[in-house]
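See below for the structure under consideration.
The values are calculated or read from the model by the stated rules, or taken from the named source; none is laboratory data. Here the structure is a predicted model, which means the values were calculated and not measured. Here the Cβ positions follow ideal geometry from the backbone for every residue, glycine too, while neighbour counts run over all protein chains shown. Just so you know, the surface numbers come from the protein's heavy atoms only, side chains and all, with ligands and any DNA or RNA stripped out. Shrake-Rupley method; radii C 1.70, N 1.55, O 1.52, S 1.80 Å.
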Amino acid sequence: MTPPKPPKLVSLADVSKSTGKMLSRGAFSELDTGASPTLSELTEALHFALGDGRIWLNDQRMVLMQSQVLGRLRQEIIDAFGMEAAKGIFMRVGYMQGVRDAELILKRFPHQDLTHALAAGPRVHTLEGFVKVETKQFEFDSDKGRYFGEFYWYDSSEAGEHIAHHGLASEPVCWMQTGYATGYVSTLFGRLILFREVACRSAGDAQCRVIGRSVELWDDPQEDLRHLQLGDDGPDSEPQAAPLGAWAAQRSAR
């Protein structure tokens with residue numbers, strides 16, 4: 001028997017060519033809250049293979065791990081390599097997680113417009129148990145390559161574990177989650193969208209807050225790019241192994 005062919009990864013750009021549905025501009029205010037992918041639909045993608053030792057989120061294998069265990073791993077890395085090196089490691093790991101979740105949305109909900117695909121990111125991140133995400137706003141213009149978004153993070157597991165080991169910090173420490181947002185939105189948008197945590201519960205703020213902008217709209221992105229091991233014009237190393245839509249296509253054509 002001939003094995004079935006793997007499902008084709010359909011990009012939002014491809015969908016827009018065939019359906020005309022994806023708009024080049026959009027904003028959170030235009031979101032239809034009842035449209036796919038809803039949180040309920042996302043939970044339907046989560047499967048436990050009882051007795052088989054595997055958990056699946058769509059076609060991606062997942063692992064349940066106590067937040068305290070992940071916090072201990074974080075502490076071991078900080079002790080071994082220092083705070084700055086640990087920050088880069090967790091930002092890159094989070095970036096890859098964001099890329100994979102964006103690919104999940106592209107595969108399972110290939111006919112959604114970009115506004116709803118972007119809005120699914122906070123829902124997936126919340127479903128995975130890292131943090132409760134509240135979208136304050138986002139807007140984008142694909143033709144101009146511009147994106148801006150602002151989000152609140154409540155009860156961040158990463159901030160909580162940092163406080164447990166170090167007490168209050170002098171700066172934001174939700175490194176993995178910041179990398180996640182960068183990876184997720186960059187993959188869908190097809191251009192590098194850099195997120196930065198501007199308030200953090202670990203630094204004494206009421207809740208964590210992140211802002212995402214197209215990389216060229218930040219005045220000083222060099223340190224963030226260094227931690228992510230990114231160049232400001234495209235992917236340079238392992239975190240960017242996954243295809244990044246138009247961005248990756250532009251690089252391959254060089």
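The figures follow:
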quantity	calculated
Output for region 122-146, where each listed residue is under 28 Å from Ser67 (Cβ atoms) and crowded, with 19+ Cβ neighbours inside 10 Å	Pro122, Arg123, Val124, His125, Phe130, Val131, Val133, Phe138
Residue in region 150-172 that is surrounded by the fewest Cβ atoms within 10 Å (Cβ to Cβ), counting only those that are touching a Phe, Trp or Tyr at 6+ places or on another chain (Cβ under 9 Å), among the hydrophobic types (A, V, I, L, M, F, W, C) and not in a helix (DSSP H, G or I)	Phe151
Top-ranked residue in region 45-64 [being within 17 Å of Thr126 (Cβ to Cβ) and part of a loop (DSSP other than H, G, I, E, B); ranked as modelled with the highest pLDDT]	Leu64
From Gly121, Gly88, residue being in contact with a helix residue (DSSP H, G or I) (Cβ under 7 Å, 6 or more places away or on another chain) and under 20 Å from Gln137 (Cα atoms)	Gly121
Looking only at region 194-204, and only at residues there that are modelled with pLDDT of 95 or more and open to solvent by less than 10 Å² (accessible area, probe 1.4 Å), the one that is nearest to Gln222 (Cα to Cα)	Leu194
Matching entry among Thr187, Thr135, Thr126 (being more than 24 Å from Gln75 (Cβ to Cβ), modelled with pLDDT under 95, of a type in the set (Ser, Thr, Tyr) and touching a Leu at 6+ places or on another chain (Cβ under 6 Å))	Thr187
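Conditions tested, residue by residue: (1) assigned to a loop (DSSP other than H, G, I, E, B); (2) free of Cβ contacts under 8 Å to residues at least 12 places away in the same chain; (3) surrounded by fewer than 21 Cβ atoms within 10 Å (Cβ to Cβ); (4) not hydrophobic (A, V, I, L, M, F, W, C).
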{"site": "Arg92", "(1), (2), (3), (4)": "no, no, no, yes"}
{"site": "Met96", "(1), (2), (3), (4)": "no, no, yes, no"}
{"site": "Leu104", "(1), (2), (3), (4)": "no, no, yes, no"}
{"site": "Ala120", "(1), (2), (3), (4)": "no, no, no, no"}
{"site": "Phe148", "(1), (2), (3), (4)": "no, no, yes, no"}
